[in-house]
Each structure stands twice: as C-alpha cells, then as structure tokens.
Amino acid sequence: MEWLLSMPKVELHAHLNGSIRDSTLLELARLLGEKGVIVFSDVEHVIMKNDRSLHEVFKLFDLIHILTTDHKTVTRITKEVVEDFASENVVYLELRTTPKRNDSIGMSKRSYMEAVVEGLRAVSAVDIDFAPHNIDGNPVNDMIMNDICNGTTRKKIYVRLLLSIDRRETTEAAMETVKLALEMRDFGVLGIDLSGNPIVGEWSTFLPALEFARAQGLQITLHCGEVPNNKEVNSMLDFLPQRVGHACFFQEEEWKKLKSSKIPVEICLTSNIRTNTIASIDIHHFANLYNANHPLVLCTDDSGVFSTTLSKEYHLAASTFGLGKWEMFQLAKTAVGFIFADDGVKQDLEGIFDLAAKKLDP
Ligand code: 6MZ
C-alpha cells in the first residue's frame, strides 16, 4: 500500500461533489442545520453511511448539492479535492463537475464554473498547473521530479476540467453546458461527460449537444452501461466517445464492439461493488479487459461518497487480481495515453513516470 501511495497516478474519473471529505460535508450540514435549512440529525447518518444502492447514491447527491451549491463552498471543495488527490501523488487529475444554476442565490452555470476555477487558484498546499499547456514551453518540471525522488519539495499536480451533463437535463440545458465548456477552454476545460442517474433520461436527448461538442473539438466521455440498457450501450459505442465510464452491463456483442473500437474504459471498482452494479469484486470485468490488453484506467468515481482513494483502488486491484508492483506501475503509466490534455502534458507525465520507474527497478 505504501508503494501504491507513493507511486505517481493519473485520475480520469472523479466527480467533484462526490469527492468531498466527510469532515467538510458534516461541517456544511451542521452549518445549514444551525440556519434551520436542514435538520442535522436527519442527514448525519445519510452522510456517514457506507453501503448504498445506486438509487440511494443519487438521493445522497441531492443532499450534497443542497450543502454545496453556493459559490464560496464550491470554491472550497474544489481546493480541498485537488489537495487531497495531490496528497496521494496523483500527478494528473481530470476533475468533472455538473455546472449548476441556482437563481435564488444568483448562480449561473458560468458563475458556478468560475467558483470552481477560483478553487483551483486557491490551491496552496501543492503547485498546480491548470491552464492549457504551452507546447513549446516547459520541459518536465524539476520540482515534481525532486518530489518523487526524495519527498522534500512541493508536489505538483496537473488539473484539467470536464463539464458534466446530468441525465435529468434537457437538450437546451445540455447545449448550454457545451457552449460554456467552449468558452472556458482557456481555464483548462477539455471535454464533456454524460452522467447522472442512469435510469433517468434518454440518450437521444443529449446527442445533439454531444455531436456539437465533438464538432467543436471537445473530447467526450460517457457513463455507459451502469444499468442494463442494451440499446443505449450500443448507440453510445457507435458514437465512438474518447472514453467510457463503468461498462458494467455489457452483453457479448457489446464487449466485442468495445474491444474492436479500443475505447479506453474508466474502471471504478469500489463504486461498482458498493452500488451493487457488480455482484462481487472477483467477477469484475477489470480482469477480462486487463487480460485482453484492452485500454483501461483505475479511477475513484466518488472518493468521498465511497470512502476510497486512488491508492486504495490500485491496492484493491492488485490484491484481488494478483498483480505485482511492476504491473500496477505499468497500469498507472499507460493511463497517460488516455488523458484529454495535449502532448506537452503527456510528455511531462511520461517523464515523471520514467523517473519513478528508475526508483522501482534500480
Ligand atoms: C452516474 C454519477 C455517479 O457533478 O455535482 N455522478 N453519475 N453514475 C455515478 N456512479 C455512482 N457518481 C456521480 O458531482 C456529482 C454528480 O456526478 C454524477 C451525478 O450527476 C452527481 O449528481 P457534481 O460535481
């Protein structure tokens, strides 16, 4: 576990509001309790509960959003989430969040995202790179290398953003999110995610916005097959997104399609087990995809909601599927190939992994 913690890692599937520290959520709940907005004793056990069905997870998100949807809090949680990932040596984080509108407090989707960016600016415990990389610019940052070598200098983390479309939204609302993503490219927004309760909404609702996003050069990742829905899974794979998340309920034909398309899969082990989308870890499709050499990346999904960390996800994979240090390192390193950031960032990350490899195999 210690090695997995110190190893550089890449996180590509993390929802901002799912990655909040329990202590912060409890503090926010207590404050809203004091203001009489909620009854603290009613929500405390909901926040602290560990085993939740997929249905209960989405009820929890509704509560979390009541606690977090104001500008100051969005800024705070963004800062904390980035610092938490950096503290376990995540060197590149693609953080996704659903831009929210809340007229009663003057919040627009844009001002929500500005609060997120403010949170990135507020990161102080580590060095952060969140603007698009200048291709002719910086070589691998010495500070990151030093940090990995001896742990004495400050850590550095690259952070890029994906804007999520919630499956509850309309075509127009989805389009608004895509337009916002385009406007915010200079702030490190690279793409679009489709997420939300998988039993809600129709894929066709979001297709016009996703097609527009693609035409404009944004990258796309889709939550795909989190519940059984053959027709949708097939249409999503036909769309050829750059990545898919989960891929739990796939039939023979869909596995074939996925494998021949080589679309990388964001695997979220703990999330799938906790929400019972996969009955037990030993039968998780990670093994099949890994053995088939299919591109995949281990991710946390919602580290706060599922009480996990990326290091824990690596540990779970290593212990369940009998993988050693070298295999885990290779798994982390290959994820660099699936990031949405440009080649300059990829090169920097490869440099970081090459240096860490020397430490692994002196
Ligand atoms: C689908 C999920 C999810 O966007 O408010 N989200 N969507 N499946 C999952 N698996 C458990 N986990 C999180 O973060 C919370 C939102 O992310 C999506 C849901 O839409 C949830 O409301 P943001 O930062």
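The values are calculated or read from the model by the stated rules, or taken from the named source; none is laboratory data. Here the structure is a predicted model, which is why all the values come from computation and not from measurement. Quick reminder, even Gly has a Cβ in these numbers, built from the backbone with ideal geometry, and neighbours come from all protein chains shown. What goes into the accessible areas is simple: the full protein's heavy atoms, side chains included, and nothing from ligands, DNA or RNA. Shrake-Rupley method; radii C 1.70, N 1.55, O 1.52, S 1.80 Å.
Projected label points at ALA125 and TRP255, each 7 Å from Cα along the beta carbon direction, are separated by 4.1 nanometres. Counting only lysines at least 8 places from LYS231 when in the same chain, those with an alpha carbon closer than 16 Å to its own are LYS256, LYS257. With the biggest extent put first, the Cα atoms of the range 153-194 measure 47, 19, 9 Å across the principal axes. Judged by the gyration tensor of its Cα atoms, with axes a ≥ b ≥ c, the range 311-362 is oblate; a/c meets the 1.5 cut and b/c is at least as large as a/b.
May I ask you to work out the translational diffusion coefficient for the chain at 10 °C, viscosity 1.306 mPa s, via Stokes-Einstein with Rh from the Kirkwood sum over Cα pairs, reported in whole µm²/s? Write down the numbers at each step before the final one.
Numbers: Rh = 20.7 Å.
Answer from the Stokes-Einstein relation: 77 µm²/s.
The Cα-based radius of gyration and maximum Cα-Cα distance (Dmax) for the range 49-117 are 13.7, 39 Å.
Rounded to the nearest 0.05, what FRET efficiency do ASN291 and ASP22 give with R0 = 45 Å and r taken as the Cβ-Cβ distance? Could you check? Result of the calculation: an efficiency of 0.80.
Taking all protein chains together, PHE249, PHE338, PHE286 sort by accessible area into PHE249, PHE338, PHE286, largest first [probe 1.4 Å]. Helical content of the chain, expressed as a calculated mean residue ellipticity at 222 nm, amounts to -15000 deg cm²/dmol (DSSP H runs of 4 or more residues, -39,500 (n - 2.57) each, divided by residue number, nearest 500). Here is the link list: LYS79/LYS312; LYS312/LYS333; LYS49/LYS259; LYS59/LYS262; LYS155/LYS325; LYS262/LYS359. Which ones come out longer than 26 Å on Cα distance? In this structure, LYS49/LYS259; LYS59/LYS262; LYS262/LYS359 exceed 26 Å between Cα atoms.
When you count the other C-beta atoms within 10 angstrom of each residue and take the mean per peptide, 108-117, 122-131 line up highest first as 108-117, 122-131. Protection proxy ranking for 264-271, 73-80, using the average of other Cβ atoms within 10 Å per residue and placing the highest first: 264-271, 73-80.
When nucleic acids and ligands are ignored and a 1.4 Å probe is applied, VAL91 ends up with an accessible area of around 10 Å². The translational diffusion coefficient of the range 248-325, from Stokes-Einstein at 10 °C and 1.306 mPa s with a Kirkwood hydrodynamic radius over alpha carbon pairs, comes to 122 µm²/s. The apolar share of the surface of the range 1-105, taken as the fraction of accessible area on carbon and sulfur atoms (1.4 Å probe, ligands and nucleic acids excluded), comes to 55 percent. Here is the list for the range 1-39: trypsin sites (Lys or Arg not before Pro) lying in DSSP coil, each with at most 13 other C-beta atoms within 10 angstrom of its C-beta, are LYS35. Per residue, the solvent-accessible area of the chain (1.4 Å probe, heavy atoms of protein chains only, all protein chains present) comes to 42 Å².
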